[in-house]
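Working notes, beginning with the structure itself.
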Amino acid sequence: MSNPGLVSSSQKSTFTAVEDVEVRGHIIDSLILPKVLDGITAAGGEFTIKDVAIGHDRSDPSFARIEVRAASEEALQAIIAQIADHGAVAVHGGDARLVEADMDGAFPEGFYSTTNQRSEIRLGGHWIEVGDQEMDCGVVVDDRSITCRCLPMTEVKRGMKVVVGHVGTRVFPLERQEQGHAFGFMNSAVSTEKPKGVVIREIARQLFENRRDGKKSLLVGGPAIVHTGSGPLVCELLRDGYLHKLFAGNALATHDIEQSLFGTSLGVNLNEGTSVDAGHEHHLRSINRIRRAGSIAAAVEAGTLRSGIMYECIKNDVQFHLSGSIRDDGPLPDVVTDALECQRIMRAMVKDVSFCLMVATTLHSVAVGNLLPAVVKVVCVDINPSTVIKLNDRGSFQTVGLVTDVEPFLRALVAEVRKLEEAATA
């Protein structure tokens, strides 16, 4: 099926800068083609669809060749750069342009800025896949191994060869067929009216299948997990091997340890919901006790810390990373206070993660979302819908949002996991 000749203007264009681009894949049902055309007109350009072939079946890829016109060569390149993020590739483009970095810690001007979607660059007439895919980075090339990878600007060293411009680059947008897992129906706007039971069952299924298949699941957690009395539920998931990594801040760890040592969180008795005399001191006394031990692991080994989320991480070899903040008390000795070092650690730890559950933490959710490639499934649970909105706005469009309280969510999640265990052994 073809339909050439569709134009964006009823009159003959006077724009003189012209370039043909192509888009391939499931460009109709994944809305890739409409996004490309909208991008052209929104940027002040015009287009003519010169050729289009639509696949007959859902499994058949489609193709479109589009002539893009703009008032100047500069405007044309800006349009092509914009639509490249949706998979549009210039037909007459050559190899990627490489420029050596002239200083540490900064890219050359005009560097290619990456997305979180699978990408390739062309070198010597061949397309090479970009490694370590991550948004908001540059691409550096190793001539000796003929490889390329995403690199944050803070890691740039003078002399590195960096891709500049969009020529010789292409992006593979995540298509709807690739999102065929049961989360697909939830990829709508954030809403408090989504069927939470169905969503939680799918999250439980993902955790269960990840454990069964030897894949890694990451929990990004905020202190509300402890404040709401949900710590024991997370402990169950850690003990039973459903969570393999934990990212959090000083607060979650501190209040979890406070709960273990004193039975309080922020000085509130979690069993009775009442404030305790001098309870406001408990979080500082907890930090001090761990600092005196030397580390959380040392406190567990010494018998000082005998329960809680951090205890279960140590006892079950669950990797954890605690990122510091300017507002932290103490902090705990395990907290990394250098923000760039935190990024490096998290960047290394997420490489083998296939599923990420973010619970009640806006800043950590956004930070981790920035590091994850689009192929990693992400669920963000928060009472505040703006957390999920921020993630989507910043490019983590694969995020599924669930607006609900922490404790009911985790309680239902553990119950659904137990049902899957029973069904598997029946």
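Ignoring lysines fewer than eight residues from Lys245 along the same chain, the ones with Cα atoms less than 19 angstrom from its Cα are Lys215, Lys216, Lys315, Lys351, Lys377.
Largest accessible area first, the listed residues Tyr112, Tyr311 line up as Tyr311, Tyr112 when surface is computed with a 1.4 Å probe on the assembled protein chains. Once you put a point 7 Å from the Cα of Glu421 and another 7 Å from the Cα of Ile146, both along the Cβ direction, what distance in nm separates them? Once both label points are built, they end up 5.1 nm from each other. Label sites at Lys157 and Trp127, each approximated as a point 7 angstrom past Cα along Cα to Cβ, lie 3.1 nm apart. Protein heavy-atom accessible surface, 1.4 Å probe, per residue over the chain: 47 Å². For the chain, take the longest principal axis of its alpha carbons; what is the angle in degrees between that and the long axis of helix 362-371, to the nearest 10 within 0 to 90? For helix 362-371, the angle is close to 50 degrees.
Helix 32-42 and the longest principal axis of the Cα set of the chain meet at an angle near 70°.
I want the local charge near Val350. Using Cβ-Cβ distances under 14 Å, sum +1 for each Lys or Arg and -1 for each Asp or Glu among the other residues.
On the way: positive: Lys215, Lys216, Lys245, Arg344, Arg347, Lys351, Lys377; negative: Asp132, Glu134, Asp352.
Net of charged neighbours comes to +4.
Dipole magnitude for the stretch 302-426: computed about the Cα centre from +1 point charges on Lys and Arg Cβ and -1 point charges on Asp and Glu Cβ, it is near 240 debye. Averaged over residues, the count of other Cβ atoms within 10 Å places the peptides 33-41, 140-148 in the sequence 33-41, 140-148, highest first.
The values are calculated or read from the model by the stated rules, or taken from the named source; none is laboratory data. Because the structure is a prediction, the values reported are computed rather than measured. Quick reminder, even Gly has a Cβ in these numbers, built from the backbone with ideal geometry, and neighbours come from all protein chains shown. Surface areas here come from the heavy atoms of the whole protein model, side chains and all, with no ligands, DNA or RNA. Shrake-Rupley method; radii C 1.70, N 1.55, O 1.52, S 1.80 Å.
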